[in-house]
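Here's the structure we're looking at; comments come further down.
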Amino acid sequence: MQANKKNKLLFLFFILCYFSTSKSNTTLVFRAGLESSNQFCGYDECRDIVPLGDIIFDDSCKNEEHKSLQLKDIYLPSKVASQGKITLAGPPTIFGIKTEHYYLAALADTSLNWQASIHDQRLLLEGGCYFTQEHEWLPSLYYFGFSIPFIKKSHSLLLENLGGKIAFSAGSFVGIESTIQQFFSDANIDFLDFFNRYVLIPKNLTYVPHDESIGFGDLLLIGILDWGGKWNGIEALQASLRVTCPTGKRESYDQLWPNHLGHGAWALDCQFSLQIHTKEIFYNPFLHCSLKLYAPFSEERRVPQLATTFLDGTLPSRYSMHTIADFSEYDSTVNAFADSMFPMYLYRGIEFSTLIGNSLYLHKDKFKIGLFYKGCFTEAIKYRLVNKLNEEKKRISNASYSHKMMVHLSYAPSDNIQYSSYISQQVSGKLTGREFLCGLSVVFKI
């Protein structure tokens, strides 16, 4: 289905090119670029990138006292045990073979630290055509094109427990403490083994520390109107529409952090650009604004549900002799660790960005050096279950923002070719990874 849509869109593009090339002032444009970016995220920074901290059902459950997950947030037996609802007659043994009788309660407040990174390399391919015309008020340039990236994307997601103390305050064990590392050592169990065996496998979840995906991303259709050159000093005055077609591959949420190549949704990006070219070499201001709107799309996602029993395989076999009191708790306070997946409609929030800066025009305007600031704001993603269309949309992530600095270099030895390079570094933000990006591109005109 996606391939058919892509073929139809490409056919429409070539039809536009055909009619455009019937004019003598039509120019074909081809662009090829290489781009590489790295994002590094701690737990709090990557909530919007890695869905590990997104509270999907109730904001009141969000723990503001710490920036890391706790075991009880994602492992229901530990939360229930910490409430004293899993009991066994007789005194427990602190370490040794009977440790499993009560370590769930002892470890409920154990903090888990996530370190995530994204390494993204892409080959950008763009083709299009523009034609010019002379009219007092109509645009002087019309451009139609398409762009599609070929992507190699790597994820790294590392988990560690933050150590700390565990204490037993019941009965004769008041004041007895041990470090978490000693606890697992004496219990003869590895933390990651416990995490996989009792937390992930019963939920049909897999944890892949390093994952890589290769393929094409989302197809982009581009239309630009340019009034540049009609007035003195106005090099570019552009209004453009860019339509994102969801052709990139999406992975299943059976994996803790799926490695997607596409956004999954149709999007409309409305852009405005203004480049002023003065007679001064050092003063040529630039302004660019973008407003991106997403259409709702459907996808299976994990959704926490109220639970009154534990999943099979969640509790060690020793717990068959325990008494479990009645309880009613959400199976997770984090959507990525919910027990079950449900089809849902997702509503991505608007994205607004602005690019402000100044360029130096050197060597008879063939060489340009630009320094820019880029600010981005993204609304929270919301969802609604497919079979509950009358319910209110619920938040699946928080709003995020970022501030970046960018340097752009370009050199045009002739009117038919231009070379460009750029680097960008994020300097601050909320719920976004610390991103570094660099790229090279070349544009040919025929």
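What does the charge count near residue 195 come to, summing +1 for each Lys or Arg and -1 for each Asp or Glu among other residues with Cβ under 14 Å from its Cβ?
-1
Given contacts defined as C-alpha pairs under 8 Å and at least six residues apart, what's the relative contact order of region 284-334, whole-number percent?
Once divided by the residue count of region 284-334, the mean separation gives 46 percent.
In what sequence, highest mean first, do 427-436, 291-300 appear when ranked by Cβ atoms within 10 angstrom?
Working: 427-436: 17.0, 291-300: 15.5.
Ranking, from highest mean packing down: 427-436, 291-300.
Take the alpha carbon atoms of region 378-430, find their center, do the same for region 299-341, and report the distance between the two centers in whole angstrom.
Cα centres, region 378-430 to region 299-341: 35 Å.
Would you calculate the separation in nanometres between label points at residue 390 and residue 415, each defined as 7 Å from the Cα along the Cα-to-beta-carbon direction?
So the two model labels end up 6.6 nm from each other.
Gain in length, residue 341 to residue 291, computed as 0.36 nm per residue apart minus the alpha-carbon separation, to one decimal in nm?
On the way: separation 50, 0.36 × 50 = 18.00 nm, distance 3.17 nm.
My answer for the length gained is 14.8 nm.
Once fully extended, how much extra length lies between residue 190 and residue 423, figured as 0.36 nm per residue of separation less the alpha-carbon to alpha-carbon distance?
Gain in length upon complete extension: 79.6 nm.
Residue-wise, which Karplus ³J(HN,Hα) couplings in Hz belong to region 70-86, taking 6.51 cos²θ - 1.76 cosθ + 1.60, θ = phi - 60°, and x for glycine or proline?
10, 4, 5, 5, 10, 10, 4, x, 5, 5, 5, 5, 5, 8, x, 9, 10
What distance in nm separates the simple spin-label points at residue 30 and residue 444, each placed 7 Å from Cα in the Cβ direction?
0.3 nm
Packing-wise, with mean Cβ within 10 Å as the measure, how do 191-204, 70-83 rank, highest first?
Put in order of decreasing packing, that is 70-83, 191-204.
Would you please give the FRET efficiency between residue 214 and residue 436, computed as 1/(1 + (r/R0)^6) with r the Cβ-Cβ distance and R0 = 25 Å, to the nearest 0.05?
0.70
When a/c is below 1.5 the answer is rounded, else prolate if a/b is larger than b/c, else oblate, so apply that to region 201-293 with a ≥ b ≥ c taken from the square roots of the Cα gyration tensor eigenvalues.
Numbers: a/c = 4.35, a/b = 2.80, b/c = 1.55.
Taking the square roots of the gyration eigenvalues as a ≥ b ≥ c, region 201-293 is prolate.
Roughly speaking, what is the stretch gain from residue 350 to residue 243, that is 0.36 nm per residue apart minus the C-alpha to C-alpha distance, in nm to one decimal? Please list the in-between numbers first.
Values: separation 107, 0.36 × 107 = 38.52 nm, distance 1.44 nm.
Taking 0.36 nm per residue and subtracting the Cα distance, the gain is 37.1 nm.
Modelling each spin label as a point 7 Å along the Cα-to-Cβ direction, I'd like the residue 407/residue 312 distance in nm, to one decimal.
Placing both labels 7 Å beyond Cα along the Cβ direction yields 6.1 nm.
Since every read-out is calculated from the coordinates, none of them should be taken as a lab result. Keep in mind it's a predicted model, so treat the numbers as computed, not measured. A quick note on method: Cβ atoms are made from the backbone with ideal geometry, for glycine too, and the neighbour counts reach across all protein chains shown.
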